[in-house]
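Participant: The structure is given below, and queries will be raised subsequently.
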Amino acid sequence: METTNLSNTRDKVVPGPGDALIVVDVQNDFLPHGSLAVPDGDAVVPVLNHYLATFAAMILPIYATRDWHPANHCSFKAQGGPWPPHCVADTSGARFAVALQLPTATTIISKATTADKDAYSGFEGTDLDARLRAKNTRRIFIGGLATDYCVLNTVRDAIKLGYEVVLLTDAIRAVNVAPDDGRKAEAEMRFLGAHPITLAEIGA
């Protein structure tokens, strides 16, 4: 996957008041050996842990989205959808990665919780926008799984809703149903206005 590190050509990005971190769908079923494994998906976990530690140390809001599907969810192949069963509510596959170090104050956002409606975006059918506005959030740092689906759609909605978006390019991985999907998704997010960074560009 293409990532960009411009730490030598621009100033550090320093999180502060008005910022929030969203970790998208880092769940067991999207990791290696999961039912809908994202290639190299576990590689985002240690990187996200650094971002999580930075935001926790600054007492900034942290949100973690998760698929939380019923067993007969419309996205599953048995119901005519494109995917194998995954992230069924209250199963081990729906749990966050064991190594993901979510602080106790993390707000969990469950999505696609009804059988007849899918939701790739963390904003769709949830109260995420209301929670962010209640914290006077203006800028959102977003990473997780998968680049070409839930990360892409969460970024799209965040920008539509008027947030500035910082895309954590070293903490995302793509499904790549088609080989170029991840690269195209990153290009679209940048075109929409997402600001790509890596850990090397985070200041304190």
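Participant: Just to be sure I understand the rule: take each whole DSSP H helix in the chain, project its Cα atoms onto its long axis, keep it if the span is 15 Å or more and its mean Kyte-Doolittle hydropathy is at least -0.5. Which ones pass?
Facilitator: 44-57
Participant: Check cross-link reach from residue 12 to the aspartates and glutamates: straight Cα distance under 15 Å, and skip same-chain residues fewer than eight apart.
Facilitator: The reachable aspartates and glutamates, counting only those whose Cα sits under 15 Å from residue 12, are 201.
Participant: How much of the accessible area of the chain, in percent, comes from carbon and sulfur atoms when a 1.4 Å probe is used?
Facilitator: 53
Participant: How big is D for the range 163-203, in µm² s⁻¹ as a whole number, if Stokes-Einstein is applied with the Kirkwood radius of its Cα pairs at 4 °C and 1.567 mPa s?
Facilitator: 118
Participant: Given Cα pairs under 8 Å that are at least 6 residues apart, what percent is the relative contact order of the chain?
Facilitator: 28
Participant: Also: Can you compute the label reach from residue 134? Point 7 Å from Cα along the Cβ direction, backbone N cut-off under 19 Å, restricted to the range 53-89.
Facilitator: Output list for this probe position: 59-66.
Participant: What full-extension length gain, to one decimal in nm, is calculated for residue 127 and residue 74 as 0.36 nm per residue of separation minus the Cα-Cα distance?
Facilitator: Difference between extended and current length: 16.9 nm.
Participant: Using only alpha carbon pairs under 8 Å that are at least six residues apart, calculate the relative contact order of the range 73-191 and give it in whole percent.
Facilitator: Reported as a whole number, the value is 19 percent.
Participant: More than 20 angstrom separation, counting every C-alpha pair in the chain; what % is that?
Facilitator: 53
Participant: Using Cα pairs under 8 angstrom and six or more residues apart, how large is the relative contact order of the range 1-109, in percent?
Facilitator: 31
Participant: For residue 13, which sequence-distant residues (separation of 5 or more, or a different chain) have an amide H within less than 5 Å of its own amide H, given hydrogens modelled in the peptide plane?
Facilitator: HN-HN under 5 Å from residue 13: 202, 203.
Participant: So with the 1.4 Å probe, I'd like the accessible area per residue for the range 1-160, rounded to whole Å².
Facilitator: 46
The values are calculated or read from the model by the stated rules, or taken from the named source; none is laboratory data. What you are looking at is a predicted structure, and each value in this text was computed from that prediction instead of being measured. In this analysis, Cβ positions are derived from the backbone assuming ideal geometry, glycine residues included, and neighbour counts consider all displayed protein chains. In case anyone asks, the SASA skips ligands and DNA or RNA and just uses the protein heavy atoms, side chains included. Shrake-Rupley method; radii C 1.70, N 1.55, O 1.52, S 1.80 Å.
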